[in-house]
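Okay, structure first, notes after.
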Amino acid sequence: MFTAGSRAVRGSDRKKFLQVFEICDEDKKGYLSREDFKVAVVMLFGYKPSKIEVDTMVPGLTKTGEVKPDEFVKLMTLKRSAQLSFGDQRQIFSVFDTHCRGFLNLDDFRRAFKRVAPHLPDQTIIEAFREVDRDADGLVCYKDFEYAINYGEEED
């Protein structure tokens, strides 16, 4: 087994990650560029990561412009392990829903984001809230929250 930080990578995951790496490294340069990296995430997780997500996942990418194979495996392992179970999702929603109302409003969203990502501008938080509030009623119910959390995951 390959170890990435404190998490073990199953051999099948490592093999899959390296296969995707090779496919996305079309010029066989031995690393992925920012755009190659985004394509790899699409192939593995079914969605295109935003610039902010890429910068968060790979802080050094803006300086070097490269993600090497071992670093890619480590990053994808961490990303895969971050996928949440139903119970985890419900618990996170409950933490955000500090007033136990069964929904989140923009103030709840702001409060949660300020705790977990204090550097995010308010406009980004507002845009995220609008994305999650699928029916545009100014409230995020658990169903909206769950949809956002699971967005881009493969259906089983």
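No value in this document is a laboratory result; all are computed from the given coordinates. None of the values given here were measured: they were computed from a predicted structure. We place every Cβ from the backbone using ideal geometry, glycine too, and count neighbours over all the protein chains shown.
Laid out as a table, the results:
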quantity: Per DSSP, loop chymotrypsin sites (Phe, Trp or Tyr not before Pro) in segment 33-62 with at most 16 further Cβ within 10 Å; calculated: TYR47
quantity: Helical contribution to [θ] at 222 nm, DSSP H n ≥ 4, -39,500 (n - 2.57), averaged over the chain, rounded to 500; calculated: -17500 deg cm²/dmol
quantity: 10 Å Cβ shell holding at most 11 others, DSSP loop, GluC sites (Glu not before Pro): longest site-free stretch of the chain; calculated: 27-153
quantity: Global form of the chain, assessed from the alpha-carbon gyration tensor, a/c cut-off 1.5; calculated: prolate
quantity: Most mobile listed residue (VAL67, VAL116, VAL58) in the chain, GNM with C-alpha springs under 10 Å; calculated: VAL116
quantity: Under 25 Å from LYS38, Cα to Cα: lysines that are on another chain or at least 8 residues apart; calculated: LYS15, LYS16, LYS28, LYS29, LYS48, LYS51, LYS63, LYS68, LYS74, LYS79
quantity: Two-site label geometry, VAL39 and ARG134: point separation in nm, points 7 Å out along Cα→Cβ; calculated: 3.1
